[in-house]
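Trainee: Here it is, the structure, as structure tokens.
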Amino acid sequence: MSDYVSLHIFGGAENAGLINAEKLKLMKPTACLLNLARGEVVDLDAVAAALEAGTLGGVGIDAYVSEPPNASHPVFHHPRAVFMPHSGADTKESVENMGLMVIEDIEALLAGQMPARCLNASDLAPVADPVG
């Protein structure tokens with residue numbers, strides 16, 4: 001059994017409520033759940049109940065169903081719960097890397113190539129002279 005369960009998945013209907021009361025019961029009582037994915041992936045009511053019952057060791061949350069989150073929810077007042085302002089990836093290194101990726105993509109466009117991180121490449125027509 002894991003000491004930590006760290007979530008890094010897409011949200012949406014297919015993963016909504018993925019971590020619920022049933023899944024929390026499968027975790028050992030000292031385990032810590034980290035939701036670094038999307039708010040809807042975790043059932044906060046179930047997490048609050050598990051923390052209160054002592055069947056979950058702790059929780060760290062960086063993603064919320066609504067922002068700002070509803071601070072009146074019981075989970076926000078539990079001593080074994082910590083929260084981040086949905087900016088866990090905002091480190092000096094990640095910001096520098098994002099800038100470098102933008103530069104690489106612009107250089108690719110200027111060379112007449114498709115950027116490596118283009119998500120809609122199939123929708124774009126090739127450009128013969130990207131700077132002309």
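The values are calculated or read from the model by the stated rules, or taken from the named source; none is laboratory data. All values reported here derive from a predicted model rather than from experimental measurement. For neighbour counting, all protein chains shown are included, and Cβ atoms are generated from backbone atoms with ideal geometry for every residue, glycine included.
Trainee: Can you name the condition, by its number, that A71 falls short on among (1) out of contact with any helix residue (DSSP H, G or I) (no Cβ under 8 Å at 6 or more places or on another chain); (2) in a strand (DSSP E or B)?
Mentor: With respect to (1) out of contact with any helix residue (DSSP H, G or I) (no Cβ under 8 Å at 6 or more places or on another chain); (2) in a strand (DSSP E or B), A71 is out only on (2).
Trainee: For region 82-103, state whether one or more residues are more than 26 Å from R117 (Cα to Cα) and touching a helix residue (DSSP H, G or I) at 6+ places or on another chain (Cβ under 9 Å).
Mentor: There is at least one residue in region 82-103 that is more than 26 Å from R117 (Cα to Cα) and touching a helix residue (DSSP H, G or I) at 6+ places or on another chain (Cβ under 9 Å).
Trainee: Answer with yes or no whether V82 is touching a Gly at 6+ places or on another chain (Cβ under 7 Å) and either at pLDDT below 95 or surrounded by fewer than 18 Cβ atoms within 10 Å (Cβ to Cβ) (or both). Outline the logic, then answer.
Mentor: Details: touching a Gly at 6+ places or on another chain (Cβ under 7 Å): yes; either at pLDDT below 95 or surrounded by fewer than 18 Cβ atoms within 10 Å (Cβ to Cβ) (or both): yes.
Answer is yes for this residue.
Trainee: Same structure, new question: Among the residues of region 22-39, is there at least one that is touching a Pro at 6+ places or on another chain (Cβ under 8 Å), more than 23 Å from R117 (Cβ to Cβ) and not basic (K, R)?
Mentor: Yes, some residue in region 22-39 is touching a Pro at 6+ places or on another chain (Cβ under 8 Å), more than 23 Å from R117 (Cβ to Cβ) and not basic (K, R).
Trainee: Something else about it: Restricted to region 74-91, and to residues that are assigned to a loop (DSSP other than H, G, I, E, B) and of a type in the set (A, V, I, L, M), which residue is nearest to D3 (Cα to Cα)?
Mentor: Here the residue is M84.
Trainee: Just to be sure before I move on: is E52 under 20 Å from S87 (Cβ atoms) and of a type outside the set (S, T, N, Q) in the structure I sent? Let's see the steps before the verdict.
Mentor: Working: under 20 Å from S87 (Cβ atoms): no; of a type outside the set (S, T, N, Q): yes.
The answer is no for E52.
Trainee: Need the failing condition index for G60 against (1) under 15 Å from L24 (Cα atoms); (2) under 18 Å from the mean Cα position of the chain (by Cα); (3) assigned to a helix (DSSP H, G or I), just the number.
Mentor: Of (1) under 15 Å from L24 (Cα atoms); (2) under 18 Å from the mean Cα position of the chain (by Cα); (3) assigned to a helix (DSSP H, G or I), only one is false for G60: (3).
Residue-wise test of (1) at pLDDT below 95; (2) under 15 Å from the mean Cα position of the chain (by Cα); (3) not assigned by TED's automatic domain parsing to the domain that holds N15.
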| position | (1), (2), (3) |
| --- | --- |
| P29 | no, no, no |
| N35 | no, yes, no |
| V42 | no, yes, no |
| A48 | no, no, no |
| E67 | yes, yes, no |
| A71 | yes, no, no |
| L109 | yes, no, yes |
| M114 | yes, no, yes |
| A128 | yes, no, yes |
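Trainee: If you go through region 35-45 one residue at a time, how many are buried (at least 19 other Cβ atoms within 10 Å of the Cβ), within 16 Å of V82 (Cα to Cα) and hydrophobic (A, V, I, L, M, F, W, C)?
Mentor: Adding up the residues that qualify gives 3.
Trainee: Scan region 1-28 residue by residue and report those that are surrounded by 11 or more Cβ atoms within 10 Å (Cβ to Cβ), in contact with a helix residue (DSSP H, G or I) (Cβ under 9 Å, 6 or more places away or on another chain), in a loop (DSSP other than H, G, I, E, B) and not small (G, A, S).
Mentor: Passing the criteria: I9, N15, L18, N20, M27.
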